[in-house]
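Chemist: Can you keep this structure in mind? I'll have questions shortly.
The values are calculated or read from the model by the stated rules, or taken from the named source; none is laboratory data. The structure displayed is predicted, hence computed values, not measured ones. We place every Cβ from the backbone using ideal geometry, glycine too, and count neighbours over all the protein chains shown.
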Amino acid sequence: MKTFSRGQQVIVLLIIFGMTLLYFNSINLSEIEVRIQNPESRIFEEIKSNDSSFIFHPSSLSSKNLSGAKLLTLNKKININTASASDLEAIRGIGPKTAEKIVEYRQEHGRFKRVEDIMKVNGIKEKGLEKIKIYLTVE
């Protein structure tokens with residue numbers, strides 16, 4: 001039995017990877033439809049052929065209904081004026097105690113006007129802000 005050399009293995013893997021990319025790029029996103037049972041329910045994705053459901057588009061997702069982890073997965077920012085402590089914990093650099101401090105500060109002092117205002121929270125310094133500010137927004 002003949003084995004492939006290292007270079008041949010790499011070429012085969014690149015071909016497989018390229019074919020996989022071509023396959024996923026060929027999927028027609030208009031076939032993915034979303035059926036919403038009611039505004040507060042979970043969103044179910046289905047592929048239907050002839051149905052009058054809403055067509056799914058990623059920009060149609062409301063960031064208000066998504067957790068912090070899901071927002072970060074979608075490359076969206078977390079609003080520090082509405083986020084829960086668990087949403088804030090999804091950000092690397094914010095632990096449970098800091099997340100609670102942010103929520104408590106917001107409840108006592110009101111909404112943040114700028115992302116930089118988060119430094120008013122005890123324990124968040126400029127260096128820490130630099131690491132996390134790309135994940136935050138105020139709306």
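Chemist: If Y135 passes every condition in (1) without any contact (Cβ under 8 Å) to a residue 60 or more places away in the chain; (2) closer than 15 Å to A85 by Cα but one, which one does it miss?
Modeler: (1)
Chemist: With respect to the numbered conditions (1) over 15 Å from I132 (Cβ atoms); (2) assigned to a helix (DSSP H, G or I), which one is the sole condition not fulfilled by T82?
Modeler: (2)
Chemist: Any idea which of (1) closer than 14 Å to T137 by Cβ; (2) at pLDDT below 50 is the one N75 doesn't satisfy?
Modeler: The single condition N75 does not satisfy is (2).
Chemist: Among the residues of the range 2-25 satisfying the criterion of being hydroxyl-bearing (S, T, Y) and not in a helix (DSSP H, G or I), which is nearest to the chain's Cα centre (by Cα)?
Modeler: S5
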